[in-house]
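The values are calculated or read from the model by the stated rules, or taken from the named source; none is laboratory data. All of these numbers come straight from a predicted model, not from anything done at the bench. Note that we place each Cβ from the backbone using ideal geometry, even for glycine, and neighbour counts take in every protein chain shown. Side chains included, ligands, DNA and RNA excluded: accessible areas come from the protein's heavy atoms. Shrake-Rupley method; radii C 1.70, N 1.55, O 1.52, S 1.80 Å.
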Amino acid sequence: MPKLVTLNISKNNLTGGIPPLIGNLTSLADLRASYNPFGGSIPDALGQLKNLNFLGLGVTQISGTIPPSLYNLSLLQILSVPSNYRLRGSLPLKFGLMFPHLQVLQLYENQFNGPIPLSISNSSELEELELNDNNFNGKVRIDFRNLQNLYFINLGDNNFETKGSDGLAFLSSLTNCSNLGEVMLENGQFGGVLPDSVGNLSTSVSYLALDINQLYGSTPSTIGNLVNLEVLGLNDNLFIGPIPSSIGYLHKLQILAFSNNKISGEIPMSIGNLSMMNKLYLEKNKREGAIPSSLGDCRHLLEILLNENNLNGSIPRQLLMVSSLPIALDLSRNRLSGSLALEVENLKNLAKIDISENGLSGEIPGTLGSCSSLENLDLHRNFFQGSIPS
């Protein structure tokens, strides 16, 4: 039998199941067989590969459960079996103790269930934790303080417990992970409040996504401490109260998403400090007050959705001068008044303008004809008068 150390058969069109005889290659340290339509199940014989440190079986159409013998591969550094969709079962309670050298754990897009083992707290070398798109449940009780190398965590699209106010209590232990870059917790059924400790996460965090959960309470002002944040996603929750003015400290922010919450109060003027922002989603809330003129300082905006709020006052001329805006400006279903300013001619690249269902009045400006990229123009249910400009 050859003393193979590496076997890479990824990205082929191999079928007929993963051969159990691979288990006889006991010198194997690296086995990569991803992106093949193997089907079948993971052979129990792979548990004989005691020297294995890399196991990649993603996108192979395998089903069933992970055989118990695989939990004896204590040298594994990378365990990657994502996107098989029919791989199921729960993880053993001592999972984190079985793989003391684990650096990458990728189990996403499968049918795993049960709680995430608390023993993962012992996986001190872990760098990537991807358990999203499964059926994990219960509360996340991992203590991340010992996982100081962790830089990517994705627990989204699961069925975690929504009861109580401490569904995100584990974020406090993540503050010890100084290399943390991306935290993705969308649609995890997390409940409770967003703790103030979120502002103590590493300043290296660039992506924080908590969309489509059942989080409530106010947005902590400490969020402004995450000065390297590029994406902040809080859509589809139950947040109330104002957006903290400290949001203006996030000078690198590109996407700010607060859609479909119960956020009230005025949009802070400090939002104009987000000069790199390209997408602003604040629709379907209870926002009040005027649209801040400081939005005109955000010269990289691609899309602005402020529809379905209680905004009043006029449309700021400064906002109509963001000439780079190409996708959409949606201010519909508010309480805006006044006229549509002549400066609308600056929106030459914009595909959609929706200012319907407001209290706007005066004549439709002839300069609207300069918006040569418009595909969708909605002015209905206002008080415009006069003739339609040529």
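In this calculation the C-beta distance from THR26 to THR162 is compared with R0 = 45 Å, giving a FRET efficiency of 0.45. An oblate overall shape is assigned to the stretch 196-330, the ratio a/c of its alpha-carbon gyration tensor axes (a ≥ b ≥ c) being 1.5 or greater and a/b not exceeding b/c. Each of SER80, ILE153, LEU295 was scored by the projection of its Cα onto the charge dipole of the chain, and the greatest displacement toward the positive side belongs to SER80; charges sit on the C-beta of Lys, Arg, Asp and Glu.
Computed over all pairs of different Cα atoms, the Kirkwood value for the hydrodynamic radius of the stretch 1-89 is 12.8 Å. Here is how the number arises for the chain: DSSP H runs of 4 or more residues each give -39500 (n - 2.57), the sum is divided by the residue count, and the result at 222 nm is -500 deg cm²/dmol.
At 4 °C and a viscosity of 1.567 mPa s, what translational diffusion coefficient does Stokes-Einstein give for the stretch 121-246, taking Rh as the Kirkwood radius over Cα pairs? Give it in µm²/s as a whole number. Answer, rounded: 90 µm²/s. Semi-axis lengths, largest first, of the ellipsoid equivalent to the stretch 191-276 are 18, 15, 12 Å, with √(5λ) applied to each eigenvalue of the Cα gyration tensor.
With a threshold of 26 Å on the Cα-Cα distance, the over-threshold entries among LYS279/LYS348; LYS286/LYS348; LYS163/LYS252; LYS50/LYS94; LYS139/LYS279 are LYS286/LYS348; LYS163/LYS252; LYS139/LYS279.
Spin-label model, SER314 to GLU125: label points 7 Å out along the Cα-to-beta-carbon direction sit 6.6 nm apart. In this structure, ASP196 and SER372 have a Cβ-Cβ separation that, at R0 = 41 Å, corresponds to a calculated FRET efficiency of about 0.30. The residues of the stretch 227-276 present an accessible area of 38 Å² per residue when probed at 1.4 Å with all protein chains retained. Separation of the stretch 1-26 from the stretch 292-338 is 58 Å, based on Cα centroids. If R0 equals 25 Å, the separation of the Cβ atoms of LYS11 and TYR85 corresponds to a calculated FRET efficiency of about 0.85. For the stretch 47-156, what log10 I(q)/I(0) values come out of the Debye formula at q = 0.13, 0.14, 0.23 1/Å, with one point per alpha carbon and no solvent? Each listed q corresponds, in turn, to -0.42, -0.49, -1.51.
Across the accessible surface of the chain, with the other protein chains kept in place and a 1.4 Å probe, carbon and sulfur atoms take up 48 percent. With all pairs of different C-alpha atoms in the average, the Kirkwood value for the hydrodynamic radius of the chain is 23.5 Å.
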